[in-house]
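What follows is one structure encoded as structure tokens, with my remarks underneath.
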Amino acid sequence: GNLSCRLPPGCLSVKRFSSVTASKSAFAAMPRFLVCVLGVATAAWPLGGLAGDVASSAGAIARGPQGPTEKTESIFAEAFAPPSSTQEGRGTATGPPSATSGAPPTTAEAPRLRGAATTATESTTTTTASTTTTTGSTSTTTASTSTTTASTTTTTASTTTTTATTTTKTSTTTTVTTTTVTTTTVTTTTVTTTTVMTTSTPSGPVIVDTFFWNVHWQCSVAARGSSPNCKARATQRFRELAQGKSIVASVELSHGMSQPVDLIPGWTQVNGPCARGYGGDSAALAFAPGWNVLASNGGCLRHDWDTRAFAVALVQPPTPIQNCPRLCIVALHAPHSHITVGGDAVRSVCGDAAWHCTVAMGDWNVPADQVWRRWQELVGGAPSLVAPNDRTCCFPEWQHFGHFDHVASNVHGASVQGYYVHPYQILEEHPWQEHKPVSVTLSFPRAQ
């Protein structure tokens, strides 16, 4: 009346059932179970959807090599109704494995059944191992009993060689079939380069960097304690400080009293010598490459002892400025009194550009708020911009004082982007009454 079995090795527990007519619900209530029939243990399956698999497998186990017994089949047929499709028990050959199923099961992995079941399992291994060919075909000889097949696949460059060797345990005959497939692959790579040419319209202001320095005449002629090397040292320092600038102006850096030195090699220079007896004065302009000098002049600003020098040039900047295709540029050393000459020369060189396209820089000998007086005497009208208004005069400061060095302009829309008043230079040469060098960056509206 009870269904039970002896616990074989590997079984963890034994479930006893009090009736051979146990229902499905009784089995389904258990999360896992172990069925032992005829001394053979099946693996544990989760219940629910796999109930049919368990019943079918148990039936196969019960039948064994002598065929099914009516009693055991009745028990499991009532307990589990198998699904409509046929389910094969573990250990039965199912054909070659798929690409995702991994290696075929060995006889040690499958449940060991008695008699013919063992032969069927080993035969499965033979069938599975003979299907590892990609580019060639392989013929094999298979014996009717247990057979072991070894397959070797070798791939080198574009040649694939597949060799299959079959050895029959019950025969002394060995058959070897070799298939060689040679494949030539030609790959063509095409690279296409596309170049897109774009034309951009410059925008933003026109930037003009200026630099000016009154070295003072004592340094140029080694007077009043200035060393004989002062002029050469001042010329070298002028070139160093002028690097990266567009327009530069020198005052009283000269050979003698009135002949300006060559400021920067390769730049266009305009001299303004003012000779007066044994005395005199000098001023000079220099323009970086790209600036085109169209006309120029220079000379004295007075005829008496207070005379000073100026230089003027009409230039075409490398970048057009709005309403000013040409600029009137002036370097000056203004007298301490009024400017009485020089205005005619400025207007002759610059023409109408003098009235609204002028930039003048140097030593004005007046503070910034007084520049308009000297401007009116030399250029006409009044500037709209003057900078800076810092103390620049003179070495030694305990003896001299003045806010004299400025740049001024009447260009509409001009502005100062920045400026820097340098410290006194080459003091070891005792440059008596030297001014501080000044750098100013100007901004102008760009021509449309």
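The values are calculated or read from the model by the stated rules, or taken from the named source; none is laboratory data. The model shown is predicted, which means the values in this text are computed figures rather than measured ones. Every residue, glycine among them, receives a Cβ derived from its backbone with ideal geometry; neighbour counts consider all protein chains shown. Remember, those area values only see protein heavy atoms, side chains included, never the ligands or the DNA or RNA. Shrake-Rupley method; radii C 1.70, N 1.55, O 1.52, S 1.80 Å.
Ranked highest first by average number of other Cβ atoms within 10 Å, how do 244-252, 302-310, 222-230 line up?
Result, highest mean Cβ count within 10 Å first: 244-252, 302-310, 222-230.
Determine how large the accessible area of D262 is when every protein chain is in place; take a 1.4 Å probe and give Å² rounded to the nearest 10.
About 110 Å², ignoring ligands and nucleic acids.
Give me the extension gain from Q376 to Q448: residue separation times 0.36 nm, minus the current Cα-Cα distance, reported in nm with one decimal.
Here the answer is 22.9 nm.
Using the basic label-point model (7 angstrom from Cα toward the beta carbon), what is the V416 to S384 distance in nanometres?
1.7
Amide H to amide H, which residues 5 or more places from S296 or on other chains are under 5 Å from it, using H placed in the peptide plane?
For S296, whose amide H was placed from the backbone, the distant partners under 5 Å are L314.
Starting from the Cα-Cα distance between Y278 and N292, subtract it from 0.36 nm times their residue separation and give me the gain in nm to one decimal.
Fully extending the segment from Y278 to N292 adds 1.6 nm.
Over segment 228-364, what percent of the accessible surface lies on carbon and sulfur atoms, probe 1.4 Å?
Exposed carbon and sulfur together represent 49 percent of the surface.
How charged is the neighbourhood of A309? Take every other residue with its Cβ under 11 Å from the Cβ of A309, and add Lys/Arg as +1 and Asp/Glu as -1.
0
Search the structure for amide H atoms under 5 Å from the amide H of R446, placed 1.01 Å from N in the peptide plane, and list their residues when 5 or more places away or on another chain.
Amide H neighbours of R446, under 5 Å, 5+ apart: V206, Q322.
What spacing in nm lies between the two simple spin-label points modelled at D369 and I207, each 7 Å away from Cα in the Cβ direction?
Distance between the two pseudo-spin positions: 3.2 nm.
Counting only residues 5 or more places away or on other chains, whose amide H sits under 5 Å from the amide H of D281 once H atoms are built in the peptide plane?
Close amide H contacts, sequence-distant or interchain: C274, A275, R276.
Find, to one decimal place in angstroms, the Kirkwood hydrodynamic radius of segment 260-339, where the mean of 1/r is taken over every pair of different Cα atoms and then inverted.
Roughly 13.5 Å, rounded to one decimal.
Normalised by the number of residues in segment 282-441, what is the relative contact order in percent for Cα pairs under 8 Å and 6+ residues apart? Could you put the intermediate results ahead of the total?
Details: 361 pairs, mean separation 27.5, N = 160.
Relative CO of segment 282-441 lands at 17 percent.
Computed FRET efficiency, Cβ-Cβ of N229 and Q399, R0 30 Å: what is it to the nearest 0.05?
It comes out at approximately 0.85.
For segment 344-402, taking Cα atoms only, what is the radius of gyration to one decimal and the Dmax to the nearest whole Å?
13.8, 44
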